[in-house]
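The values are calculated or read from the model by the stated rules, or taken from the named source; none is laboratory data. All values derive from a computational prediction rather than experimental measurement. Cβ placement follows ideal geometry from the backbone for every residue including glycine, while neighbour counts extend to all protein chains displayed.
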Amino acid sequence: MVSIEINILNPKAEKLLKDLADLKLISIKERNTDDFLKVANKLRRKAKNDPPTLEEITKEVELVRAKRYAKAKRWGMVSSTSFSQCCFK
């Protein structure tokens, strides 16, 4: 079984899909909530009670950049000067 997400642009397409479901060729599961929106709202609720400090945000950004730099350097994708000029402005 393969699952795909389809954005319906034309109401005729929705009718076609429903007809296929009636013929038991496909099944339709409607999703009213967006997974990204769920995660974003969860993060907002958490941050509302205990917002991160500027220092915490800076530390996290620097950690992610360091990991990205190490990975890029390991694969020989950038030299140290070009990466620092590009990403640490």
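Listed here are the residues, each with its yes/no results for (1) modelled with pLDDT under 85; (2) of a type in the set (Lys, Arg).
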{"residue": "Thr53", "(1), (2)": "no, no"}
{"residue": "Ile57", "(1), (2)": "no, no"}
{"residue": "Lys67", "(1), (2)": "no, yes"}
{"residue": "Ala70", "(1), (2)": "no, no"}
{"residue": "Trp75", "(1), (2)": "yes, no"}
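Those residues that are outside any loop (DSSP other than H, G, I, E, B) and under 26 Å from the mean Cα position of the chain (by Cα), I need them from region 18-35; list them, please.
Asp35, the sole residue that qualifies.
As an exercise: evaluate Ala13 against (1) assigned to a helix (DSSP H, G or I); (2) of a type in the set (A, V, I, L, M); (3) at pLDDT below 90 and give the number of the one condition it does not meet.
Failed condition: (3).
Name the residues in region 1-17 that are of a type in the set (S, T, N, Q) and within 23 Å of the chain's Cα centre (by Cα), would you?
Ser3, Asn7, listed by residue number.
I'm trying to understand the selection: among the residues of region 30-79, which are hydrophobic (A, V, I, L, M, F, W, C), surrounded by fewer than 10 Cβ atoms within 10 Å (Cβ to Cβ) and within 30 Å of Glu5 (Cα to Cα)?
Listed by number, the residues that qualify are Phe36, Leu37.
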